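Notes follow once the structure below has been shown.
The values are calculated or read from the model by the stated rules, or taken from the named source; none is laboratory data. Everything numeric here is computed off the predicted structure, so don't read it as measured data. Cβ sites come from the backbone with ideal geometry, for glycine too, and all protein chains shown count toward neighbours.
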Amino acid sequence: MTHMRLGAFISANVESILAEWEAFARSVWPKGAAADPEELRDSAAEILQAVAADMGRAQTGHERSEKSMGRGAGGADSDRLDDASEIHGAGRVGSGLTIREMVAEYRALRASVLRLWRASRPAPDDRDLEDVTRFNEAIDQSLARAVGSFTGRLDASRQMFLAILGHDIRGPLAAITLSATLAAGRGPADPELPELMGQVTASAGAISALVADLTDFAATTMGARLPLVPAAADLGAICRDVAREARAARPGADVRVAVRGWSTGTWDAHRVRQVAANLVGNALQHGAAGGAVTVTVDGTAPGEVAVRVHNAGDPIPRDVLPTIFDPLVRGRTAVHARRTPGSIGLGLYIAREAAQAHGGRIAVASTAAAGTTFTVTLPRHAGAAGRV
Amino acid sequence: MNHQILIVEDDPLLRRGMCALLRPHGHALVAAGTVAEARAHLAAGPPSHAIVDLNLPDGTGADVVREIRGRGLPARVMILTGSPDADLVAAARALGVDAVVAKPPDWNAVVRWAAGPADGGGGNGAPT
C-alpha cells in the first residue's frame with residue numbers, strides 16, 4: 001500500500017471523516033443546542049477541503065509559526081481557509097450555536113481526522129510528525145479565524161441590542177420629562193394635571209417592563225432557569241385576559257380565544273401570562289394588518305396543555321427561523337426595523353425560557369399558505385424546580 | 001416672538017405634549033407623525049422652525065430635513081433622537097441642522113430655541 005500523506009488522505013476521505021466527526025460531535029454536543037451536527041456538515045466539509053488544500057502547499061517556518069497563532073500566511077489556499085473559516089464562524093452564530101459549541105465542533109473535527117488517519121496506516125513514516133504538525137497548524141488557523149468572526153458578529157449584535165435599549169428607554173424618558181415640564185407650568189388645580197401625571201406613570205411603566213425583560217435576560221443567559229412559583233391556574237382564563245388587554249391596548253385588534261378540553265393545571269400564572277402576552281403581541285405586530293389573531297388552548301391531552309397562537313400574513317423568512325427565539329442574533333431587531341413598541345426584542349426569547357422553566361417547549365411553523373403559528377406545550381403540572 | 005413650527009414625531013404622546021409645550025408661547029404649530037405627513041405640511045407652507053424625530057415609520061428625520069432644504073427653505077431645524085451618535089450629528093450638521101439633541105431633552109431649552117430667531121443667527125438659546 002502506497003503511503004498517503006495526511007493532506008491527500010483528508011481530500012480522499014471527506015465523507016468518512018464527516019461521518020466520524022458527526023458521531024463524535026454528537027457525543028460532545030451540548031444539550032439544548034439549537035442546531036444539529038447533521039445540519040452543519042456542509043460547512044465542516046468546506047473547512048476540511050480548505051485545510052487539505054492548505055497542507056498541500058509549501059510553507060516557510062515563519063509562515064507556519066504565524067499560522068498557528070491565527071495569522072494566515074497568505075497565498076490562495078491560505079486565503080481560502082481563512083474565508084471558509086470566517087463564513088463558518090459567522091454561520092454558527094446564525095445557527096444559534098454558542099462559542100463553546102463551535103470549539104467542541106473543532107475538537108471533534110481534529111480528533112476524527114487523526115483517528116481515521118491512524119487507523120488507515122499500515123506502517124509509520126518519518127513525515128508523519130510534519131504532517132500532523134501542519135494539520136494542527138491549519139486547524140488552529142481556521143479555529144482562530146472562526147472564533148474571530150463569531151465574536152465579531154456577536155459584538156455587532158450586542159452593539160445593536162444596546163442601541164435599541166437606549167432608544168427604547170429614551171422615548172419614555174422624554175415623555176416623562178415633557179409631562180413633568182408641562183405640569184410644572186400648571187397651577188395645582190389645573191384640570192389637565194391628572195392626565196399629565198397618568199402619562200408619567202404610563203411611561204415609567206414602559207421603562208419598568210423593559211427593565212423586567214432585561215433582568216430575565218441577564219438571569220437566563222448566565223445559565224439559570226427562570227424561577228417559578230407554580231400554583232393552580234387556568235390557561236384558558238389567562239389567555240382570555242391577555243386577549244382582552246391586547247384589544248384594549250390596540251383598538252381594532254381582533255384577538256380570539258378558543259378553549260378545548262381542560263385548561264386547568266399547575267403553572268406559574270405570571271410567567272404563562274407573559275408567554276401568552278408576548279406571543280399575542282408578536283402576532284399582532286407581524287401578522288397581516290387588520291387580520292385576526294387566534295389563540296387556541298388545547299387541553300384535550302391528559303398530561304399536557306398546548307397554546308397555539310396563529311396569525312395570517314407574510315411568513316417568517318427561512319433564515320430567521322433557526323434563531324427566532326435567540327436574543328442578540330436577529331438581524332431584524334434593528335432600531336429602524338418595525339418592532340413591537342416598547343419591546344426590546346426579547347419577547348420570544350423570554351417566552352421560550354418561561355416554557356422551558358415549566359418543563360415545556362415552544363415551536364414555530366410559518367408558511368405563506370398557513371400563516372404563522374407559535375405553539376407552547378406545557379406539562380399539565382409543572383414542578384417548583386421547573387421539572388416534572 | 002411667534003413662529004411657524006413643524007413638529008415631526010411618531011410617538012403620539014410626545015407629539016401632543018410638544019404641541020402643548022409650545023402653543024402657549026403663541027407659535028403656529030403643525031404636527032406630523034410620518035415623513036409623508038411632514039412632506040404634505042411642507043408643500044402647504046414653509047415653517048420657520050422644525051423639530052424632527054429621527055426614527056420615523058416611513059423613513060428618517062434626515063429625509064424630512066432634505067425635503068426642507070430641497071425646497072430651498074431656510075427653516076431652522078432641531079433633530080430630537082433616541083439614537084444619538086457621532087456620525088448622525090455630522091450628517092445632520094452637513095444638512096444645516098441647528099442642533100441634534102438626545103432624548104430626553106431639556107424641554108425648557110427647546111422652548112427657548114423655538115422662540116429664537118427664525119433665520120441665520122448663532123442659535124440663541126439653542127441646546128447642543
Out of (1) away from chain A (no Cβ under 14 Å); (2) in contact with a strand residue (DSSP E or B) (Cβ under 9 Å, 6 or more places away or on another chain); (3) touching a residue at least 60 places away in the same chain (Cβ under 8 Å), the odd one out for B:ALA115 is which? (2)
The correct count of residues that are touching a residue at least 12 places away in the same chain (Cβ under 8 Å) and in a loop (DSSP other than H, G, I, E, B) in the stretch A:124-145 is 2
Could you please find all residues in the stretch A:134-178 being within 30 Å of B:LEU21 (Cα to Cα) and of a type in the set (Gly, Ala, Ser)? A:ALA163, A:GLY166, A:GLY171, A:ALA174, A:ALA175
Take the residues of the stretch A:300-311 that are among the β-branched types (Val, Ile, Thr) and more than 21 Å from the chain's Cα centre (by Cα): which is nearest to A:ARG240 (Cα to Cα)? A:VAL307
If we keep only residues of the stretch A:153-186 that are touching a residue at least 12 places away in the same chain (Cβ under 8 Å), among the small types (Gly, Ala, Ser) and more than 9 Å from chain B (Cβ to nearest Cβ), then the residue surrounded by the most Cβ atoms within 10 Å (Cβ to Cβ) is A:SER157
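Does B:ALA50 satisfy the criteria of being more than 10 Å from every other protein chain (Cβ to nearest Cβ) and part of a helix (DSSP H, G or I)?
When the stated conditions are applied, B:ALA50 does not pass them.
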Total residues in the stretch B:60-90, condition facing another protein chain (nearest Cβ under 9 Å) and not in a loop (DSSP other than H, G, I, E, B): 3
May I ask you to list the residues in the stretch A:225-256 that are closer than 26 Å to A:LEU284 by Cα and part of a loop (DSSP other than H, G, I, E, B)? A:LEU226, A:ARG250, A:PRO251, A:GLY252, A:ALA253
Sole exception among (1) in contact (Cβ under 8 Å) with a residue 40 or more places away in the chain; (2) over 21 Å from B:GLN4 (Cβ atoms) for B:GLY82, by number: (1)
Within the stretch B:1-46, track down each residue that is part of a loop (DSSP other than H, G, I, E, B) and within 14 Å of chain A (Cβ to nearest Cβ). B:GLU9, B:ASP10, B:ASP11, B:GLY33, B:THR34
Do you know which residues across the stretch A:137-167 are in contact with a Leu (Cβ under 9 Å, 6 or more places away or on another chain) and over 30 Å from A:ILE207 (Cβ atoms)? A:ALA138, A:ILE139, A:GLN141, A:SER142, A:ARG145, A:PHE150
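Restricted to the stretch B:97-112, and to residues that are in a helix (DSSP H, G or I) and free of Cβ contacts under 8 Å to residues at least 40 places away in the same chain, which residue is farthest from the chain's Cα centre (by Cα)? Give the derivation first.
If we filter the stretch B:97-112 for residues that are in a helix (DSSP H, G or I), which is where we start, we get B:107-112.
Now restrict to residues that are free of Cβ contacts under 8 Å to residues at least 40 places away in the same chain: B:108-109, B:112.
Working: B:ASN108: 15, B:ALA109: 13, B:ARG112: 13 Å.
Selected residue: B:ASN108.
With respect to A:SER120, is the statement that it is more than 14 Å from every other protein chain (Cβ to nearest Cβ), buried (at least 20 other Cβ atoms within 10 Å of the Cβ), polar (S, T, N, Q) and within 24 Å of A:SER16 (Cβ to Cβ) true?
Details: more than 14 Å from every other protein chain (Cβ to nearest Cβ): yes; buried (at least 20 other Cβ atoms within 10 Å of the Cβ): no; polar (S, T, N, Q): yes; within 24 Å of A:SER16 (Cβ to Cβ): yes.
The answer is no for A:SER120.
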Could you list all residues from the stretch A:265-290 that are surrounded by fewer than 21 Cβ atoms within 10 Å (Cβ to Cβ), at pLDDT below 95 and more than 15 Å from A:PHE374 (Cβ to Cβ)? A:ALA269, A:HIS270, A:ARG273, A:ALA288, A:ALA289, A:GLY290
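Yes or no, residue by residue, for (1) surrounded by 16 or more Cβ atoms within 10 Å (Cβ to Cβ); (2) acidic (Asp, Glu); (3) in contact with a Ser or Thr (Cβ under 7 Å, 6 or more places away or on another chain):
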position	(1), (2), (3)
B:GLY72	no, no, no
B:ALA75	yes, no, yes
B:MET78	yes, no, no
B:THR81	yes, no, no
B:ASP85	no, yes, no
B:ALA92	yes, no, no
B:ALA99	yes, no, yes
B:PRO104	yes, no, yes
B:VAL111	yes, no, no
Filter result (within 12 Å of chain B (Cβ to nearest Cβ) and not in a helix (DSSP H, G or I)) within the stretch A:187-216: A:ASP190, A:GLU192
How many residues are among the β-branched types (Val, Ile, Thr) and more than 31 Å from the chain's Cα centre (by Cα) if we restrict to the stretch A:105-141? 2
Out of all the residues in the stretch A:257-299, which are over 29 Å from the mean Cα position of the chain (by Cα), of a type outside the set (Gly, Ala, Ser) and part of a strand (DSSP E or B)? A:VAL259, A:ARG260, A:THR264
